[in-house]
1. List the lysines whose alpha-carbon lies under 21 Å from that of Lys142, not counting same-chain residues fewer than 8 positions away?
2. When only the heavy atoms of the protein chains count and the probe is 1.4 Å, how do Trp132, Trp89 rank by accessible area, highest first?
3. How large is the accessible surface per residue of region 1-153, computed with a 1.4 Å probe and reported in Å² as a whole number?
4. When N counts the residues of region 1-153, how does its alpha-carbon radius of gyration compare numerically with 2.2 N^0.38 Å, as a ratio?
5. Protein chains only, probe 1.4 Å: how do Tyr20, Tyr43 rank by accessible area, largest first?
6. Keeping the other protein chains in place, figure out the carbon and sulfur percent of the accessible area of region 65-154, with a 1.4 Å probe.
7. Normalising by the residue count of the chain, find the relative contact order in percent from Cα pairs under 8 Å and 6+ residues apart.
8. Compute the helix-to-body angle for 26-50: its Cα long axis versus the longest principal axis of the chain, expressed 0 to 90° and rounded to tens.
Amino acid sequence: MRGSIAAGVLILFLAPSAYYLGVSNPLNIAVMAVLVALAVYVYRSFGSALESKAFKLLGIPVIGLAAAGVAALALGLQIGAAMIAVAYWGEPVMGYFIYARLKRDFPSLSSAFLASAAVFAYTIPLILLGLWEVPFAADLAKVVVLAAVLRRLE
């Protein structure tokens with residue numbers, strides 16, 4: 001849970017920065033590389049807790065595509081931004097398994113988590129159009145929900 005929150009906080013920085021500085025800015029590429037590393041950590045942590053084969057199978061192409069996108073951007077290939085956006089479309093699919101696990105104990109928070117993850121993931125391309133506020137707001141909602149879940153779990 002903490003890894004997901006940390007990633008969400010980094011994304012709150014990255015969404016406006018990607019628009020204002022550009023996705024190929026070295027600082028943004030570095031943040032995206034950290035996000036990929038956090039994704040691996042979160043994937044492994046949730047993979048152990050969820051014990052879902054589908055979750056484990058989905059994580060490999062989703063995180064792999066994001067990593068390839070970051071690498072492409074680092075090499076100056078703008079297609080990397082599209083690869084990252086497509087990879088994030090897998091977030092709500094993978095998030096469904098987390099939602100299903102949380103639903104028993106936190107029905108409203110689990111629904112808010114899945115909804116905010118979906119809105120965030122499917123609006124990421126808007127950053128490239130100057131509408132970074134939409135995915136930013138969805139990510140902020142997701143961070144708040146995850147923090148509320150974490151607080152109740154502790």
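The values are calculated or read from the model by the stated rules, or taken from the named source; none is laboratory data. Values in this document were obtained by computation on a predicted structure and should not be read as measured data. To get the accessible areas, we keep the full protein, side chains included, count just its heavy atoms, and leave off ligands, DNA and RNA. Shrake-Rupley method; radii C 1.70, N 1.55, O 1.52, S 1.80 Å.
1. Lys142 reaches Lys103.
2. From most accessible down to least: Trp89, Trp132.
3. 51 Å²
4. Here the answer is 0.99, to two decimals.
5. Tyr20, Tyr43
6. After summing per-atom areas, the C and S share lands at 72 percent.
7. Averaging sequence separation for qualifying contacts and normalising by length gives 28 percent for the chain.
8. Value to nearest ten degrees: 20.
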